[in-house]
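Here is the structure we will look at, set down as structure tokens.
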Amino acid sequence: MNSSIFGNELIARRDFLGSVSQGLAGVALASLVAPSIGSAKTIVRHHPAKAKRVLQIFCPGAVSQVDTWDYKPALERHHGQPLPEEGAFLSFQGKNGNLMKSPWEFRAYGQTGKRLSSMLPHLGAHVDDMAFVHSLTSKTNTHGPGCVFMNTGFSADGFPANGAWVSYALGSANENLPAYVVIPDIRGEPPSGKANWTSGFLPAEHQGVALNAQKTIRNLQSPEEYSPQAESDYRRFLAQLNQRHAADSPEITELKARIAAYELAGRMQISAPEATDFAAESVGTKKLYGVDDPNPLKAAYAKNCILARRLLERGVRFITLYSGSRASGVDGLLNWDAHKKLKADYERHIPILDQPSAALITDLKSRGLLDDTLVIWTSEFGRMPTHQEGTTGRDHNPDAFTLWMLGAGVKGGTSYGATDEFGRRAAEHPTTVYDFYATVLDLLGIDHERLTFYHNGIERRLTDVHGQSITEVIA
């Protein structure tokens, strides 16, 4: 049985922790009297950074590029005709029908006149700051692996997420808050759940911390029956136990991560309530985001957007903000997976995304945070320009989709790559997820080929063995 000496007593660790954990909230507070164990201290930068932090907005369910960001007038001209050279081809769910134009017109936005869906008026107002990559491709056409691939660079589970790599490289700018925070949609986690924010084989302390405006951090207050002195004594004792146990087992990163998590929880007792308290937000700010919208899903996402801004301005290094969750028994109900009724589904999802996301960008810009914050918008793959046979929806398309970025170091008002005239395949500068993240890391001052971690005989990295920074979208 593992044990430690404290004073003249031999105390069984498991028995001790079992007894005090029944009522002592202060077990998490060892860090108030001891330094953090296993925390990254070295900031890894290979060249001057343009961005200090990243906000990722993720829409799970595979957003249709030809109904949002990628204007294809040929779809209007050839609506109802077979897709040339492919006919009634098979895709993820079976046969495809003819070409189908978007249910909505595309409108010119900004000084650049970039055409986006008329369903996106609020985000369209930021088009001059956006850099679009229209020629993305994926390795999979299945949602779970697709989301994991978009977030980790691998379609299999178990590889570190984008935010975990950034946490590993740069750490947090605020030791009282996590470096990597994930804000799930009120409707639930995305496909493949926590595999999207795992630390993989990196030290476990770099995994994402999931919270949102609806479910913030619980049990932050100490019980009234414990005096400050008693709690301080327990913290000091636990700090010594933790330090000794970690020193005896240096190879167990999970142990170090657990200790670091408890220590962080202790520090968050002070910092988190303030960071998640919206009382100081003005009426005008809440109205800008839409927190009082009669649609409860939009109001919830709006609150999550405010939470994201509050965490970014307090030093969180990487935030992934979800708009949508797992697939459901009814296609397109909980996320963007519009197989059967695209128009009805997107008229549900786009208003939830549009105003709050645009307000978040506006708010970051007005506070000067957009100068050193990189905002990226992602989805796991795209959708077909045809309708799925027997439906008015679209099937999965891993051969062409759009992502965009704006903010620190981004050349606004630009578009890189292009799909064919119908949006079926990437035709000009086909681009990979590896290229996209090579660009993200580049903006953070990191050479993606040099940010590595040795695991099972391989120097692993976020971009695997691929990737080249898209310099055309960098200012």
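Computed values, structure above
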| item | result |
| --- | --- |
| Residues located in region 130-156, provided they are part of a loop (DSSP other than H, G, I, E, B) and not basic (Lys, Arg) | THR137, SER138, THR140, ASN141, THR142, GLY153, PHE154, SER155, ALA156 |
| Residue within region 246-253 that is part of a helix (DSSP H, G or I), modelled with pLDDT under 70 and either in the same structural domain as SER172 (by TED's automatic domain parsing) or farther than 30 Å from LEU370 by Cβ (or both) present | yes |
| Complete set of residues in region 291-303 that are surrounded by 24 or more Cβ atoms within 10 Å (Cβ to Cβ) and closer than 27 Å to THR198 by Cβ | TYR301 |
| Tabulated pairs, region 92-115, first in the same structural domain as ILE350 (by TED's automatic domain parsing) and assigned to a loop (DSSP other than H, G, I, E, B), second surrounded by fewer than 16 Cβ atoms within 10 Å (Cβ to Cβ) and not charged (D, E, K, R), C-beta under 6 angstrom, 6+ apart or interchain | LYS101/HIS79; TRP104/SER118; GLU105/SER118 |
| Test for GLY113: is it of a type outside the set (Phe, Trp, Tyr) and more than 21 Å from the chain's Cα centre (by Cα) | yes |
| Residues of region 277-293 classified as among the small types (Gly, Ala, Ser) and within 10 Å of ALA359 (Cβ to Cβ), total | 1 |
| Inter-residue pairs, beta-carbon under 7 Å, first modelled with pLDDT of 80 or more and in region 230-243, second assigned to a helix (DSSP H, G or I), 6+ apart | LEU241/ARG13 |
| Tabulated pairs, region 415-427, first closer than 22 Å to ASP128 by Cα and in contact (Cβ under 8 Å) with a residue 24 or more places away in the chain, second surrounded by fewer than 22 Cβ atoms within 10 Å (Cβ to Cβ) and acidic (Asp, Glu), C-beta under 7 angstrom, 6+ apart or interchain | TYR416/GLU472; GLY417/GLU428; ALA418/GLU428 |
| Residue list for region 178-196, filter: in a loop (DSSP other than H, G, I, E, B) and acidic (Asp, Glu) | GLU189 |
| Residue match in region 441-461 (condition: without any contact (Cβ under 8 Å) to a residue 24 or more places away in the chain, out of contact with any helix residue (DSSP H, G or I) (no Cβ under 6 Å at 6 or more places or on another chain) and closer than 30 Å to LYS340 by Cα) | no |
| Tally of residues being outside any loop (DSSP other than H, G, I, E, B) and buried (at least 19 other Cβ atoms within 10 Å of the Cβ) across region 423-452 | 12 |
| Filter result for GLY110 (surrounded by fewer than 18 Cβ atoms within 10 Å (Cβ to Cβ), farther than 24 Å from ALA344 by Cα and out of contact with any Leu (no Cβ under 9 Å at 6 or more places or on another chain)) | yes |
| Where GLY171 falls short, out of the listed (1) modelled with pLDDT under 95; (2) in contact with a Leu (Cβ under 8 Å, 6 or more places away or on another chain); (3) not β-branched (Val, Ile, Thr) | (2) |
| Leading residue by the ranking (nearest to MET384 (Cα to Cα)) among those in region 91-107 that are surrounded by fewer than 16 Cβ atoms within 10 Å (Cβ to Cβ) and modelled with pLDDT of 95 or more | PRO103 |
| Residue list for region 413-454, filter: within 23 Å of the chain's Cα centre (by Cα), closer than 20 Å to GLY382 by Cβ and small (Gly, Ala, Ser) | SER415 |
| Sole residue being closer than 21 Å to LYS139 by Cα and either modelled with pLDDT of 95 or more or not aliphatic (A, V, I, L, M) (or both), chosen from THR452, THR414, THR432, THR471 | THR432 |
| Selection count, region 128-148, where residues are surrounded by fewer than 24 Cβ atoms within 10 Å (Cβ to Cβ) and either farther than 21 Å from THR320 by Cα or of a type in the set (Ser, Thr, Tyr) (or both) | 6 |
| Which numbered condition ARG348 fails, given (1) under 21 Å from the mean Cα position of the chain (by Cα); (2) modelled with pLDDT of 95 or more; (3) not hydroxyl-bearing (Ser, Thr, Tyr) | (1) |
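Residues checked against (1) assigned by TED's automatic domain parsing to the domain that holds THR431; (2) farther than 13 Å from ALA302 by Cα; (3) crowded, with 21+ Cβ neighbours inside 10 Å:
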{"site": "ILE352", "(1), (2), (3)": "yes, no, yes"}
{"site": "LEU364", "(1), (2), (3)": "yes, yes, yes"}
{"site": "ARG367", "(1), (2), (3)": "yes, yes, no"}
{"site": "GLU380", "(1), (2), (3)": "yes, yes, yes"}
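The values are calculated or read from the model by the stated rules, or taken from the named source; none is laboratory data. Computed from a prediction, not measured in an experiment: that's the story for all the values here. So basically every Cβ, Gly included, is an ideal-geometry build from the backbone, and we count neighbours across all protein chains shown.
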